[in-house]
Amino acid sequence: MNSALMLMLLAATMASAQACGPHTAALYRYARFYYDDPRTGPAGIDKDMFDELARRSGCQLNQVVESRVRIWQEMRRGTVQLTLSALSSPERREIAELLPYAQGRFQLLVRRGLAGRVQSLAAFEADPALRLVHVRGYVHGPALDPWLQRLRGQGRLVETADFETASRMLRAGRADALLSLPSSYAFAIDGSDHPDNPVPVDVTPNERSVMSLAMAHAMPEADRQRLRRALQAMLADGTVHDIMRRHLGDKGARASAYTGE
């Protein structure tokens, strides 16, 4: 074997060893996390996070948009490797490694006429006439998920595929309430003074929801390590905060800052 061929093989081997991906990185449409800007096209917190993770890690991340249910189905099958804004659940931890980077707190958006008498989860549940619109595949945390399961068992969930549809259904009166992060209120409230415009009720003041980068356990460890380091660096140098501030403003970015376990 001549020296030129040996050098070519060595270069190919080194390039292969350094390659990361390609991996499928899935986003879902949810308010400021991923949306279509009429001027610039696809935008949002999760898109900016994936763009920066790819740049820093050197990993090839092919972004796709799916429903939340389908993302986790495809992660289990191995056709999707990463997603963002993932909340933890036992089922999800079986599928993926979860790396926290932000947090939030869900509140109950309730039709204005009901807000005075629906000040808690128990008060909502006590009225069998009330229904909640819920996005399939969403996880909300240890206090809210059992409550949602009880409503589902009572036939009181109106389920839909995405948050924008859920918001329209709430405004149209097809349900009485919707769980939402404060950063998403603008997508659910039309800004008018209509008497039935939804208002937020803080029903879980002591609970927070931690958002994570989810990486399928089936991904190569070397690739996951690159992405771990990239995310850690983004947290350390303030890049995650800057991305949040870009889409949520100063107040929203401060409220979203991950404070640890």
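The values are calculated or read from the model by the stated rules, or taken from the named source; none is laboratory data. Computed from a predicted model, the values in this text were never measured in an experiment. Using ideal geometry, Cβ is built from the backbone for each residue, glycine included, and neighbour counts are taken over all protein chains shown. Surface accessibility is based on the protein's heavy atoms, side chains included, excluding ligands, DNA and RNA. Shrake-Rupley method; radii C 1.70, N 1.55, O 1.52, S 1.80 Å.
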**Request:** Could you run the Karplus curve 6.51 cos²θ - 1.76 cosθ + 1.60 with θ = phi - 60° over the range 148-154 and give me ³J(HN,Hα) per residue in whole Hz, x for Gly and Pro?
**Result:** 4, 5, 5, 4, 4, x, 8
**Asked** Rounded to the nearest 500, what is the chain's calculated 222 nm mean residue ellipticity when only DSSP H runs of at least 4 contribute -39500 (n - 2.57) each, over all residues?
**Response** -12500 deg cm²/dmol
**Message:** Quick check on the range 31-153: take the gyration tensor over C-alpha atoms, sort the square-rooted eigenvalues as a ≥ b ≥ c, and tell me if it's rounded (a/c under 1.5), prolate or oblate.
**Reply:** prolate
**Item:** Prolate/oblate/rounded label for the range 77-129 (Cα gyration tensor, a/c 1.5)
**Value:** prolate
**Prompt:** residue 105's amide H: which non-local residues (gap 5+, or another chain) put their own amide H closer than 5 Å, with H modeled 1.01 Å from N in plane and none for Pro or chain starts?
**Reply:** 209
**Request:** List, in order, the whole-Hz ³J(HN,Hα) value for each residue of the range 165-179 obtained from phi through the Karplus relation with A = 6.51, B = -1.76, C = 1.60 and θ = phi - 60°; use x for Gly and Pro.
**Result:** 5, 4, 5, 5, 5, 5, 5, 7, x, 7, 8, 9, 7, 8, 7
**Request:** Starting from the amide H of residue 217, placed 1.01 Å from N in the peptide plane, find each other amide H under 5 Å away whose residue is 5 or more places distant or on another chain.
**Result:** 96, 97
**Message:** With mean projected area of the Cα convex hull in nm² as the read-out, I listed (i) 14.0; (ii) 16.8; (iii) 12.8; which label goes with the value calculated from this structure?
**Reply:** (ii)
**Request:** Treating the angle as unsigned and between 0 and 90°, give the value, to the nearest 10°, between the Cα long axis of helix 221-236 and the longest Cα principal axis of the chain.
**Result:** 60
**Under-5 Å amide H pairs with residue 179, H placed in peptide plane, nonlocal only** = 109
**Fill in**
Excluding ligands, DNA and RNA, the carbon-plus-sulfur percentage of the accessible area of the chain with a 1.4 Å probe reads 52
**Computed FRET value (nearest 0.05) for residue 208 with residue 125, which takes r as the C-beta separation and R₀ as 22 Å** = 0.50
**Calculated from backbone phi, Karplus (6.51, -1.76, 1.60) coupling profile of the range 71-84 in Hz, x at Gly/Pro** = 4, 6, 4, 6, 5, 5, 7, x, 8, 10, 10, 9, 8, 10
**Request:** Determine the shape class of the range 28-73: with a ≥ b ≥ c the square roots of the Cα gyration tensor eigenvalues, call it rounded for a/c under 1.5, and otherwise prolate if a/b is greater than b/c, oblate otherwise.
**Result:** oblate
**Request:** Could you calculate the FRET efficiency of residue 79 with residue 136 from 1/(1 + (r/R0)^6), where r is the beta carbon distance between them and R0 is 22 Å, rounded to 0.05?
**Result:** 0.70
